[in-house]
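Each remark here refers to the structure printed beneath this line.
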């Protein structure tokens, strides 16, 4: 019996965005990463070719790692004490992009300073040839205080700067515009707010090919279905031609998965939950792969083993089934 | 268009203050101004008033009836309060707002409506909340609401079904479904029950300056599918003008023509064509964008008109 598979033809296309710049383009990156360009829902290769594979970023923090799971710290070892070495290890692990997330303090526990942020980002740029995403701690005044000097001192690198949020996007967008960088805008799992922030950011004159959006997600078992639905809805709108939703999506399954009890806690949980380290990696991998299916263009992970597994899944999904 | 004036509403700060002070003059003025602007009934949304319902509902009915003659629509979840108000009605046949299809409400509220010869607004909402799809809402009307009226011998001609307008800011997928529900509800029973909607709910949580346009455009779409009763702001002149344009088929202005085209497209189960719009006219362009949002073609955002 032959089955006819319905083929959708969508009028809209997701924006193509390039992260990082090589020397020829005014930066210092050894390689750049291009995302977006989809004209169909994820992996519907029989409809249109997916021009760019979803990419995997690994996250590091040059701040205190108190809230990172011991499993993650064990996996990375002592490189977590040195941002440059951590960045090099991330590149060696096979990531496409490095995400540098600052907290509110430096490793010694003192309030973070713009000088520390600048020197750290420069050290990371030295240590690795990958494109960077640089995020502040998510507190408006500190974000601005850190991100502006980072943007100024790395002009032309096409870093992705954040976090741009509803109440705090102007300063970061302006410094990105002035220094040839990109931005990431984050909204709390709401299609209307996601679109609104995109309108506001582009209204300032930042071109659409320099913005990615983080619609926020939840970890497996902790609201991932809401995150999934929001991403799906945004992507459907994008394919239907709504320009202010046609931004590639970056999501943080690593952060979300590793703050769930299942991944974070090794003691006082039922024995049937199995090996802690294994469970954490499973949690992160399953969260990330689900979000790739929802249309994520960049998944930000934390564990190098999860990267391998998610990579394998993406590679398989990118291989078109034989006709 | 039969407009049930919505302006005596507990969510308004002025109404809250006037209630606290039992300021009869405030309510009488607000009643008269709504009726003068064309309201054919007045909604009195007082909230549950758990503490002072016994005194407040009759006071409000007497206060408003002293100023106007139109039917009063007692809008509360407090059935005791509603009953206290109904007891002192002396003028027009009142309306109860509302029952839902929830078992307990549907058991009690229609009996009170029957006892006091009141009309009854019934929401297409069951225990599980408000269904998204038009079909499910219509099903609630046919399987729950109307059978209950027949069961207690309440005239279907006194039943007003409210298929529930939800805000485009957050519940956008409901907007086109509601239109279909209004269309279908008119053919599900003979004689058809009246249908009323709370129009301005469509723009709840939308910034104030953006609300009237969304209300007007939605009104035109709903009129296209036969809506002829709504709980709305009768003092909104531009909205009244849209109602008039569609009722009189007034094609004398380009914008009026566009509102007629919107209404006709809804009537014909079509989407408005961009050929009907002069996109060079900013007002028409805004109306077009609003139609796209209300049809759930384009995601709503506060600044959707800037897009």
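Bear in mind that the values in this text are calculations on the coordinates, not laboratory data. Because the structure is predicted, anything quoted here is derived from the model rather than measured. When we count neighbours, we look across all protein chains shown, and the Cβ atoms used for this are built from the backbone with ideal geometry, even at glycine.
Computing Rg and the Kirkwood Rh from the Cα coordinates of region B:222-266 gives a ratio, Rg/Rh, of 0.95.
Radius of gyration over Kirkwood radius for region A:83-172, both on Cα atoms: the Rg/Rh ratio is 0.95.
Compared with the dominant Cα axis of chain B, that is its longest principal axis, helix B:211-224 is turned about 90°. The reciprocal of the average 1/r between distinct C-alpha atoms defines the Kirkwood hydrodynamic radius, which for the protein assembly as shown equals 27.7 Å.
For the peptides B:287-299, B:269-281, A:99-111, B:120-132, the ranking by mean Cβ contacts within 10 Å, running from highest to lowest, is B:287-299, B:120-132, A:99-111, B:269-281. For region A:246-323, the Kirkwood hydrodynamic radius from C-alpha pairs, put into Stokes-Einstein at 4 °C and a viscosity of 1.567 mPa s, yields a diffusion coefficient of 97 µm² per second. With contacts taken as Cα pairs under 8 Å at a separation of at least 6 residues, region B:2-233 carries a relative contact order of 16 percent. Shielding of peptide A:191-201 by partners, expressed as the average count of other chain Cβ atoms within 10 Å per residue Cβ, is 5. Sorted on the mean count of surrounding Cβ atoms within 10 Å across their residues, most packed first, peptides A:15-28, A:33-46, B:70-83 read B:70-83, A:33-46, A:15-28.
In plain terms, the chain from residue B:279 to residue B:135 could stretch by 48.4 nm, reckoned as 0.36 nm per residue minus the Cα-Cα distance.
The calculated 222 nm mean residue ellipticity attributable to helices in chain B amounts to -13500 deg cm²/dmol, summing -39500 (n - 2.57) over DSSP H runs of n ≥ 4 and dividing by all residues. For region B:1-98, the ratio of Cα radius of gyration to the globular rule of thumb 2.2 N^0.38 Å stands at 0.95.
Taking only the Cα atoms of chain B, the radius of gyration and Dmax are 19.3, 58 Å. Quick note on region B:89-196: its Rg to Rh ratio, both from C-alpha atoms and Rh being the Kirkwood radius, is 0.98. For chain B, the longest principal axis of the alpha carbon atoms and the long axis of helix B:53-65 meet at an angle near 60°.
Mean per-residue shielding of peptide A:15-23 is 0, counting Cβ atoms of other chains within 10 Å of each Cβ. The long axis of helix B:174-185 is offset from the longest Cα principal axis of chain B by roughly 70 degrees. When the inverse distances between all different Cα atoms of region A:34-153 are averaged and flipped, the Kirkwood radius reads 15.7 angstrom. According to the Kirkwood relation over distinct C-alpha pairs, the hydrodynamic radius of region B:137-245 is 14.6 Å.
The modelled label-to-label distance between residue A:312 and residue B:248, using points 7 Å beyond Cα along the C-beta direction, is 7.4 nm. Only DSSP H runs of four or more residues enter the estimate; each adds -39500 (n - 2.57), and after division by the residues of chain A the mean residue ellipticity at 222 nm equals -12000 deg cm²/dmol. Stretching residue B:286 away from residue B:28 to a fully extended chain increases their span by 89.2 nm, per 0.36 nm per residue minus the current alpha-carbon distance.
Protection proxy ranking of A:268-277, B:159-168, by the mean of other Cβ atoms within 10 Å over each peptide's residues and highest first, is B:159-168, A:268-277. Translational diffusion coefficient of chain A (Stokes-Einstein, Kirkwood radius from Cα pairs, 4 °C, 1.567 mPa s): 65 µm²/s.
Remark: mean inter-chain Cβ contacts per residue of B:166-172 equal 2, using a 10 Å Cβ-Cβ cutoff to other protein chain atoms.
Directionally averaged projected area (region A:197-250, Cα convex hull): 3.7 nm².
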